[in-house]
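Inspection log for the structure reproduced underneath, given as structure tokens.
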Amino acid sequence: MAERNEMSIVIAGGKALLEGLVEADIVVAGCRIAEPGAPAPADALRLDASGLLVLPGIVDCHGDAFERHIMPRPGVSFDIDLALRDADRAMLASGITTAFHGVTWSWEPGLRGADNARSLIEAMARLAAELGADTRFHLRHETFNLDAEAEILDWLAKGKVGVLAFNDHTEGLLKEGVRPAKVAKMVERTGLSSADFMVLAEAVYSRRDEVAGSVSRLAQAALEAGVPTLSHDDMTPQMRAWYRSLGVRVAEFPIDVATAREAAAHGEAIVFGAPNVVRGGSHLGCPGAEDMVRQGLCTILASDYYYPALALAPFVLARKGAAGFAEAWKLVSQAPAQALGLHDRGVIAPGKRADLILVAEGPQPRVVATIAGGRLVHLADQNVLA
């Protein structure tokens, strides 16, 4: 995202997360964090952070809650620009300063179909200058969506994709014993009848022998374009090893502990959901994120389907003794930034992008103010204005 701001901000009196939580004043010069002790212009915006924590802005590597801003009820859709602006406000209120919108492009029509994916990638580019968060396109490619390969290769070559994730919900859909509620939800999104949906799914599945080759070509193209890649819902250690052989170095929501251990053994980033932490477990029966953090098998937390969980999860982990607070906050800031190649953010340090949030502690910590790229983009308490 282009840097758009030349103002200065002084954040005084708060406890900033540096090596640990320490009392320190932070000066923002333009879009960057200034050197410690740097003088601020007389006309700088001054924020009183007394009694507040000053933390690095959150980097959300995978969030799809924006879909509910587009389609809050099955079959009820709103304008994409309106939905993205609304989602932006929700993210900023949750301390998210860098967002990778997880846009699923599947073989299904409807919310996760081709037209919606194309509309979203265009809308994100068109609205970039007015959105508060640095908003990027996380393409969740359904691997059985073979007809999309050529267009995705073009998007990768043109730098339109921020992250490419490989998803496979088709195999599970057609297995005996799949959850009826999950199938019903998929059908609702498409606008098809259940019978027509299953006919389409069977036709797509008949091309399963072509999937591995397509994934390999896309992974190679992403590698050449410098686009980070993730594998979603790895089912087995063998599946994770196969994706690793293609250069896919981030395991997103591995299905079981053995698969997470396979990723950890090779020093790979491992993503679990922050809602999993806040709710005390997975709603799908997958590994508990808190336990994964304790075992060193979770290195990144993502909002997944609920933005507010990202700011709350580190506090929950620290309160329960699963991790020290500084380490827990890295799961939502520094670790995702590094895994996705965004080395200009995720920490409070001179020269880094000025993505900062002011948080009031309590039973449910609250984001009081959000600064993204040096701009004050969210303020929930005017008493912060010195």
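The table that follows gives values for the structure above.
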item: Residue within region 163-174 that is closer than 26 Å to residue 356 by Cα and open to solvent by less than 30 Å² (accessible area, probe 1.4 Å) present; result: yes
item: Restricting region 205-246 to residues that are polar (S, T, N, Q) and assigned to a loop (DSSP other than H, G, I, E, B), the residue that is least open to solvent (accessible area, probe 1.4 Å); result: 236
item: Among (1) small (Gly, Ala, Ser); (2) out of contact with any strand residue (DSSP E or B) (no Cβ under 7 Å at 6 or more places or on another chain); (3) within 28 Å of residue 386 (Cβ to Cβ); (4) buried (at least 17 other Cβ atoms within 10 Å of the Cβ) - the single one residue 65 does not satisfy; result: (3)
item: Selected residue (only one of 311, 349 is touching a residue at least 40 places away in the same chain (Cβ under 8 Å) and either within 23 Å of residue 129 (Cα to Cα) or crowded, with 23+ Cβ neighbours inside 10 Å (or both)); result: 311
item: Residue in region 43-57 that is open to solvent by less than 60 Å² (accessible area, probe 1.4 Å), farther than 22 Å from residue 7 by Cα and in a helix (DSSP H, G or I) present; result: no
item: Meets criteria (in contact (Cβ under 8 Å) with a residue 60 or more places away in the chain and over 19 Å from residue 61 (Cα atoms)) for residue 153; result: yes
item: Residue match in region 121-138 (condition: free of Cβ contacts under 8 Å to residues at least 60 places away in the same chain, open to solvent by 10 Å² or more (accessible area, probe 1.4 Å) and part of a loop (DSSP other than H, G, I, E, B)); result: yes
item: Residue in region 100-116 that is out of contact with any helix residue (DSSP H, G or I) (no Cβ under 7 Å at 6 or more places or on another chain), open to solvent by less than 20 Å² (accessible area, probe 1.4 Å) and among the acidic types (Asp, Glu) present; result: no
item: Residue match in region 371-385 (condition: open to solvent by 50 Å² or more (accessible area, probe 1.4 Å), modelled with pLDDT of 95 or more, part of a strand (DSSP E or B) and among the hydrophobic types (A, V, I, L, M, F, W, C)); result: yes
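The values are calculated or read from the model by the stated rules, or taken from the named source; none is laboratory data. Please read all numbers here as calculations on a predicted model, not as lab measurements. Positions of Cβ are backbone-derived with ideal geometry, glycine not excepted, and every protein chain shown enters the neighbour counts. For accessibility, only protein heavy atoms count, side chains too; no ligands or nucleic acids. Shrake-Rupley method; radii C 1.70, N 1.55, O 1.52, S 1.80 Å.
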